[in-house]
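One structure is given below, encoded as structure tokens.
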Amino acid sequence: MKVASKLVKMDFVVGKIERKDQYLIIHSHPDSTMPAKVRMDAVDLWLFIRAGLNWPVIKYVLALPRLYRQAKAEQKE
């Protein structure tokens, strides 16, 4: 995934997700050039889920198997 803000532009590859106390911690992949950690509390996660409960996002999720196969095929070329 791409992260773009006024402070930084970087690729973020999810490496590991864990629960620590009341937080969900998302670590970047160990091979990342810039290690990163995302910490989400229950409110953040609830807002994230609510934001994704709309028809365009649901259609995208349903299309993921096809999109994944296409992306893998393009990487081989």
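The values are calculated or read from the model by the stated rules, or taken from the named source; none is laboratory data. Please read all numbers here as calculations on a predicted model, not as lab measurements. Here the Cβ is made from the backbone with ideal geometry for all residues, glycine too, and neighbour counts use every protein chain on show.
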For segment 1-39, give me each residue that is touching a His at 6+ places or on another chain (Cβ under 6 Å) and either farther than 22 Å from Y68 by Cα or assigned by TED's automatic domain parsing to the domain that holds A71 (or both). K37
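Only residues that are more than 12 Å from the chain's Cα centre (by Cα) and surrounded by 13 or more Cβ atoms within 10 Å (Cβ to Cβ): list them for segment 8-18, please.
Quick first cut of segment 8-18, residues more than 12 Å from the chain's Cα centre (by Cα) only: 8-10, 18.
Residue satisfying the conditions is M10 alone.
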For segment 19-32, how many residues meet the condition of being over 15 Å from the mean Cα position of the chain (by Cα) and surrounded by 13 or more Cβ atoms within 10 Å (Cβ to Cβ)? 1
For segment 21-32, which residues satisfy the criterion of being more than 13 Å from V3 (Cβ to Cβ) and either part of a loop (DSSP other than H, G, I, E, B) or without any contact (Cβ under 8 Å) to a residue 12 or more places away in the chain (or both)? D21, Q22, H29, P30, D31
Report yes if some residue within segment 33-56 is surrounded by 12 or more Cβ atoms within 10 Å (Cβ to Cβ), part of a strand (DSSP E or B) and out of contact with any Pro (no Cβ under 6 Å at 6 or more places or on another chain); otherwise report no. yes
